[in-house]
1. Just one of the numbered conditions (1) in contact with a strand residue (DSSP E or B) (Cβ under 8 Å, 6 or more places away or on another chain); (2) modelled with pLDDT under 95; (3) farther than 30 Å from residue 293 by Cα is not true of residue 5; which one?
2. Examine segment 303-318 for a residue that is surrounded by 18 or more Cβ atoms within 10 Å (Cβ to Cβ), in a loop (DSSP other than H, G, I, E, B) and in contact with a strand residue (DSSP E or B) (Cβ under 9 Å, 6 or more places away or on another chain), and state whether such a residue exists.
3. If you scan segment 151-165, which residues turn out to be over 15 Å from the mean Cα position of the chain (by Cα) and surrounded by 17 or more Cβ atoms within 10 Å (Cβ to Cβ)?
4. Is it true that some residue in segment 41-55 is out of contact with any helix residue (DSSP H, G or I) (no Cβ under 8 Å at 6 or more places or on another chain), free of Cβ contacts under 8 Å to residues at least 12 places away in the same chain and surrounded by fewer than 20 Cβ atoms within 10 Å (Cβ to Cβ)?
5. I need a count of the residues in segment 121-147 that are free of Cβ contacts under 8 Å to residues at least 60 places away in the same chain and assigned to a loop (DSSP other than H, G, I, E, B).
6. If you go through segment 354-377 one residue at a time, do you hit one that is more than 24 Å from residue 313 (Cβ to Cβ) and either in the same structural domain as residue 312 (by TED's automatic domain parsing) or crowded, with 17+ Cβ neighbours inside 10 Å (or both)?
7. Filtering segment 183-204 down to residues that are touching a residue at least 24 places away in the same chain (Cβ under 8 Å) and not in a loop (DSSP other than H, G, I, E, B), which residue is farthest from residue 296 (Cα to Cα)?
8. Look at residue 350 and say whether it is more than 21 Å from the chain's Cα centre (by Cα), in contact (Cβ under 8 Å) with a residue 12 or more places away in the chain, surrounded by 24 or more Cβ atoms within 10 Å (Cβ to Cβ) and in the same structural domain as residue 193 (by TED's automatic domain parsing).
């Protein structure tokens, strides 16, 4: 029988990612495929933007000094010399004249400002200007957005759709990104059956396999190896495949104390166990090991702690392997609406949600999977607290 030789502090689980380094392998993806991928290198602009002075408003390009002194009662009269359309080569402007422009138009040669359309009135071949402007007012100057060599995306940044816009505006068709780590996912237990099988009183459907696969697909390439019964030889065969073909192993069930829980023994035969057992509820039997730079996580069998530790340990590990520089779980502070009773000496993790900017705990039986569907966050109760009162500030972890 396996026993927990030493229960580790909860913080050790959060810091498990420190044992590993990113996998320095990249692939090149099209600009339309970059969202939520991690940049493999610094990407710098190859030119300044805009390439030349552009109008920031609809109006008339002018010599700004020729508008000085204009007002509602004493407008300045300028001759209309033409219209600068967006995308056309720049026209030129002469003293005493103006050129009509649209937002984004190249600024006509020699002009140094744009009077907004609403501050003007056309009168035949002339334009009356009712408001003075300063030099380069309403103008986006060359290189004002960013200059050549400006770092658009840093190495290790998870690219979002806003980054895609600036990369596209800079003329990039493809970008190098970290390849997603391949994750072997194994569900274990004699009582676990596939959804294809008929449910009986002594069996339960595998919830953890689909949970993990769907939970990590943004950060990794999940490879579900199926359900393994409590048989060491079968589990070893799955491990052999995973060690050869994957970058990480996630296994659910088999990490508790029991005669038929072989996970720790199998991990030791392929690598090392770093932690087994934590001063935390739920998730006391969480098992963390490795084979070199390959993390191996043994989740408890119940889906609720799997959800919690996938979010707090599993996904951060995948972010780290995948080059993401911001890999720790997202956290925040909040004010508790209802009191929470705890047990000193361990960390309690409780699902909850926010209502009117207050943190509300979901205090239900730990076996209720349904409570997770209402959860927006995870409340952390420190190990030195027996009760946390309403109105107190608590640390919360946010779901990915």
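1. Going through (1) in contact with a strand residue (DSSP E or B) (Cβ under 8 Å, 6 or more places away or on another chain); (2) modelled with pLDDT under 95; (3) farther than 30 Å from residue 293 by Cα one by one, residue 5 breaks only (3).
2. No, segment 303-318 has no match at all.
3. Residue satisfying the conditions is 152 alone.
4. no
5. 2
6. yes
7. 193
8. Judged against the criteria, residue 350 is not a match.
The values are calculated or read from the model by the stated rules, or taken from the named source; none is laboratory data. Computed from a predicted model, the values in this text were never measured in an experiment. Here Cβ is always computed from backbone atoms with ideal geometry, including for glycine, and neighbour counts include all displayed protein chains.
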